[in-house]
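No lab work stands behind these numbers, since they all come straight from the coordinates. Everything numeric here is computed off the predicted structure, so don't read it as measured data. We place every Cβ from the backbone using ideal geometry, glycine too, and count neighbours over all the protein chains shown.
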Amino acid sequence: GIMKKYAVSDLVKEVKVLLDRNQESSGLLTPDDTDTLSQAELIKSKIVDAASIILSDAPVDMVDGIKLDNISVSWASKNNAYVGTVYMPADMIRLLSVRASDWNRNAEIITENDEAYKYQGCKYGVRGNPDRPIAAIVHTKGGRYLELYTSKSNSVTVDFTYVAQPEIITESSGAGYINLQSNLKDAILYMAGYLTCVSMGDTDTAAGLLGVSRKLAHIVEPTTS
């Protein structure tokens with residue numbers, strides 16, 4: 001996906017077109033001018049949320065991240081191996097890949113709530129190692145950091161790729177723009193339409209828009225057994 005700069009006013013117009021096309025009771029959207037203005041504000045307020053949802057849920061191969069190379073890591077010796085700690089950028093909404101320089105492959109990414117996390121403190125073979133590395137996302141008051149299991153040396157560097165929180169940037173002219181991946185733009189517009197409809201209480205239209213948004217972003221629904 002190529003990052004492109006989109007004017008927020010254009011995106012709002014496109015969402016309005018989607019809503020007008022998809023709403024069965026079109027009266028909801030264009031009663032008079034004052035409501036149309038607040039509706040534009042409502043749509044605008046949903047664009048960042050919509051982008052965050054799609055970037056968090058779309059399959060990894062559809063999402064582009066920011067790559068940080070050769071990050072210095074604090075390594076602590078535990079049970080004859082080194083466990084690394086590295087702080088995550090404040091704007092991270094999703095971690096795509098992590099690799100230390102002595103690992104044979106990218107880490108399996110887990111969180112502190114996963115069952116596997118309990119075993120990372122063990123010295124008997126079950127924790128991550130250079131052949132089967134594990135990176136755990138851990139939360140503290142100071143923010144989020146990664147614990148890296150494990151390396152053979154304490155001079156290893158780490159590369160990781162992450163997705164940053166999208167944001168609307170206001171230019172000096174007062175116009176706003178946002179950088180979005182072109183391959184996910186339509187999915188984001190449908191998601192913004194969905195969030196707007198939910199806010200307006202139009203659940204029928206919302207459901208249809210959500211379905212299209214997920215299809216466009218190749219998001220597979222979790223199967224409930």
For this session: For residues that are among the hydroxyl-bearing types (Ser, Thr, Tyr) and touching a Lys or Arg at 6+ places or on another chain (Cβ under 8 Å), scanning just the range 49-90, find the one that is farthest from Ile178 (Cα to Cα).
Result: Tyr82
Exercise. Do any residues in the range 1-25 that are touching a residue at least 60 places away in the same chain (Cβ under 8 Å) have Cβ atoms under 8 Å from those of residues that are outside any helix (DSSP H, G or I) and aromatic (Phe, Trp, Tyr), where the two are at least six apart or on different chains, and which pairs are they?
Worked result: Lys5/Tyr177; Tyr6/Tyr177; Ala7/Tyr177; Val8/Tyr177
